[in-house]
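Here is the structure we will look at, set down as structure tokens.
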Amino acid sequence: MATLNGKYREFRLDSGLLVALQETPTQTIAGRLRVKYGALHENSGEEGLAHFLEHCIVHGGTSKYTTEEVDNRLKLFSHWNATTGQDETGFPVNMLSEYIEEYLDLFSNIAFHPILDARIVDEERQRVLREINDKKSDPSFKDRIDFYKALLGDTPYNYLVDGKEAVIEKATIDGLHKFHSRGYFANNMDLILVGGLPSDIRGLIEKYFGGKPTGDVKKIEFPVLGQLEEKTILHVPAPHMYNKDRPEESMAELRLAWRVPDSFTEEAASLLILSRILGGDPHSRLFVELSRRKGLAYHIECKYYGGTRRGVGIIEVNASTPSKRVEEAVDSIFRELDDITKQEVSLEELERIKRNIKFSYAAEQETNSGHVSAILRKIDFNLTPESEFEKISSVTPKYVMNMANEHLPKNREEGNYVLMIRDPLKN
């Protein structure tokens with residue numbers, strides 16, 4: 001389980017850029033340039049600028065390369081992307097090792113010296129608007145918003161990264177440049193590279209990322225949320241799910257969730273195992289009971305979302321179930337939640353889950369991209385696959401039952417949770 005082996009190293013450039021390198025015996029490299037600057041750094045009236053800038057910055061040309069030259073250089077990489085988060089913007093890449101210098105050259109220019117060509121900005125404006133409206137045209141969009149608002153409240157966790165159409169429509173190149181200038185600093189970034197790295201990789205990084213601008217950026221503080229204090233039931237119509245051939249067989253979407261501690265607490269390992277025992281695979285309790293025995297769902301899952309930041313975790317159960325049997329399905333789910341609070345799981349059941357989690361960690365470490373993900377956890381939270389799996393290994397049946405009693409809803413009547421039923425038979 002040695003992800004961060006003797007060939008892993010971290011260092012900072014004089015500008016403050018954090019660099020993390022992991023050598024692997026491959027002919028490829030996975031990388032990620034991350035800027036700790038995202039949607040929550042927007043001011044009122046800027047909702048969507050972080051997302052819009054991310055779209056424009058890659059193709060919009062730089063002080064060194066025209067838009068056409070940038071486009072041609074991007075074709076050297078097998079895969080690249082740009083993503084906007086609530087408190088960061090990422091530029092992941094996968095490429096053959098021989099193109100590492102071209103990558104460092106191009107993306108240092110993109111990050112620090114964007115031109116934002118007017119034609120590209122107008123093209124990306126339309127693409128961002130299409131992206132936003134694609135999501136809003138999904139019949140479940142508003143229901144998902146309502147669900148997570150009930151679950152997480154009016155907090156930064158629910159801030160919409162995509163932005164507002166009116167802001168995108170009126171955004172100017174000058175406004176994008178000003179937004180960029182507030183956060184794209186070397187000491188507010190990290191660069192992770194994993195794979196067949198050249199022997200002079202440090203010198204190449206210093207060549208292209210050294211001497212870049214520095215500055216101050218406000219760190220986003222996310223609130224620590226405790227358990228829910230009330231129950232919320234959202235039973236809403238979903239006419240698009242209506243089965244016209246057999247109306248009586250129309251399937252409803254069922255989503256049940258509650259708040260638990262996040263991934264960075266002592267409870268996290270037990271909560272992860274608990275969720276997988278309940279609904280992690282076809283041998284899990286919810287799957288066996290609702291799908292195989294009762295025919296209430298084709299697929300049902302229970303997942304623990306511990307988060308990528310401290311503050312809140314979620315356990316969520318999802319299933320599609322016949323509209324006419326939705327109450328039976330909900331009762332069956334709560335019956336399984338209740339059962340696991342009363343009797344310890346068997347060692348056999350526990351070891352099966354631990355084995356599956358160990359497989360996940362091992363599989364992650366067999367790819368360069370997986371190493372990048374592990375290094376991000378190391379940088380942000382000082383977590384390694386070794387330390388994470390050590391916690392998993394220490395979980396006992398008693399721990400699982402204790403977590404169930406402490407963090408599962410007491411029952412359907414008295415528990416605090418959010419339940420959404422999207423029902424095609426509801427008027």
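So which residues in region 393-427 are assigned to a helix (DSSP H, G or I) and under 26 Å from residue 228 (Cα atoms), if there are any at all?
Answer for region 393-427, where residues must be assigned to a helix (DSSP H, G or I) and under 26 Å from residue 228 (Cα atoms): 397, 398, 399, 400, 401, 402, 403, 404, 405, 406, 407.
Which one of these is over 20 Å from residue 180 (Cβ atoms) and touching a Phe, Trp or Tyr at 6+ places or on another chain (Cβ under 9 Å): 109, 94? Lay out the reasoning, then the answer.
On the way: 109 fails: over 20 Å from residue 180 (Cβ atoms).
None of the others qualify; the one that does is 94.
Taking the condition of being part of a loop (DSSP other than H, G, I, E, B), open to solvent by less than 20 Å² (accessible area, probe 1.4 Å) and more than 30 Å from residue 100 (Cα to Cα), how many residues in region 156-208 meet it?
The qualifying residues number 2.
Scan region 211-242 residue by residue and report those that are among the charged types (D, E, K, R), more than 17 Å from residue 147 (Cβ to Cβ) and surrounded by 13 or more Cβ atoms within 10 Å (Cβ to Cβ).
212
Since residue 385 meets every condition but one in (1) closer than 30 Å to residue 426 by Cα; (2) buried (at least 17 other Cβ atoms within 10 Å of the Cβ), which condition does it not meet?
Unmet condition: (1).
When you look at residue 339, is it of a type in the set (Asp, Glu) and within 18 Å of the chain's Cα centre (by Cα), yes or no? Outline the logic, then answer.
Values: of a type in the set (Asp, Glu): yes; within 18 Å of the chain's Cα centre (by Cα): no.
Criteria not met by residue 339.
Which condition number does residue 256 fail, the rest of (1) over 23 Å from residue 157 (Cβ atoms); (2) part of a strand (DSSP E or B); (3) open to solvent by less than 30 Å² (accessible area, probe 1.4 Å) being met?
Just one mismatch for residue 256, condition (1).
Report, by residue number, each residue of region 288-297 that is surrounded by fewer than 23 Cβ atoms within 10 Å (Cβ to Cβ) and either within 26 Å of residue 399 (Cβ to Cβ) or modelled with pLDDT under 95 (or both).
Matches in region 288-297: 288, 289.
The conditions are (1) surrounded by fewer than 20 Cβ atoms within 10 Å (Cβ to Cβ); (2) more than 30 Å from residue 387 (Cα to Cα); (3) among the polar types (S, T, N, Q); (4) in contact with a helix residue (DSSP H, G or I) (Cβ under 6 Å, 6 or more places away or on another chain), and residue 108 fails exactly one of them. Which is it?
(1)
Taking into account only those residues within region 1-57 that are modelled with pLDDT under 95 and aliphatic (A, V, I, L, M), which is nearest to residue 79 (Cα to Cα)?
4
Do you know which residues across region 298-318 are open to solvent by 10 Å² or more (accessible area, probe 1.4 Å) and either among the aliphatic types (A, V, I, L, M) or part of a helix (DSSP H, G or I) (or both)? Let's see the steps before the verdict.
So in region 298-318, the residues open to solvent by 10 Å² or more (accessible area, probe 1.4 Å) come out as 298-299, 301, 303-305, 307-310, 312, 314, 318.
Hits for region 298-318 are 312, 314.
So which of 339, 331 ends up being open to solvent by 50 Å² or more (accessible area, probe 1.4 Å), out of contact with any helix residue (DSSP H, G or I) (no Cβ under 8 Å at 6 or more places or on another chain) and closer than 17 Å to residue 411 by Cα?
Exactly one of 339, 331 is open to solvent by 50 Å² or more (accessible area, probe 1.4 Å), out of contact with any helix residue (DSSP H, G or I) (no Cβ under 8 Å at 6 or more places or on another chain) and closer than 17 Å to residue 411 by Cα, namely 331.
Hey, residue 148 hits all of (1) free of Cβ contacts under 8 Å to residues at least 24 places away in the same chain; (2) not in a helix (DSSP H, G or I) but one; which does it fall short on?
It fails just one condition, (2).
Name the strands (runs of 3 or more DSSP E) wholly within region 1-79 that hold at least 2 residues that are closer than 24 Å to residue 183 by Cα, touching a strand residue (DSSP E or B) at 6+ places or on another chain (Cβ under 6 Å) and open to solvent by less than 70 Å² (accessible area, probe 1.4 Å)? Before the answer, list the steps.
Details: elements: 8-12, 18-23, 28-35.
Of the strands (runs of 3 or more DSSP E) lying wholly inside region 1-79, those with at least 2 residues that are closer than 24 Å to residue 183 by Cα, touching a strand residue (DSSP E or B) at 6+ places or on another chain (Cβ under 6 Å) and open to solvent by less than 70 Å² (accessible area, probe 1.4 Å) span 18-23, 28-35.
The values are calculated or read from the model by the stated rules, or taken from the named source; none is laboratory data. The structure presented is a predicted model; accordingly, all values stated were derived computationally and were not measured. Note: ideal-geometry Cβ built from the backbone for every residue, glycine included; neighbour counts use all protein chains shown. We work out accessible area using only protein heavy atoms, side chains counted, and drop any ligands, DNA or RNA first. Shrake-Rupley method; radii C 1.70, N 1.55, O 1.52, S 1.80 Å.
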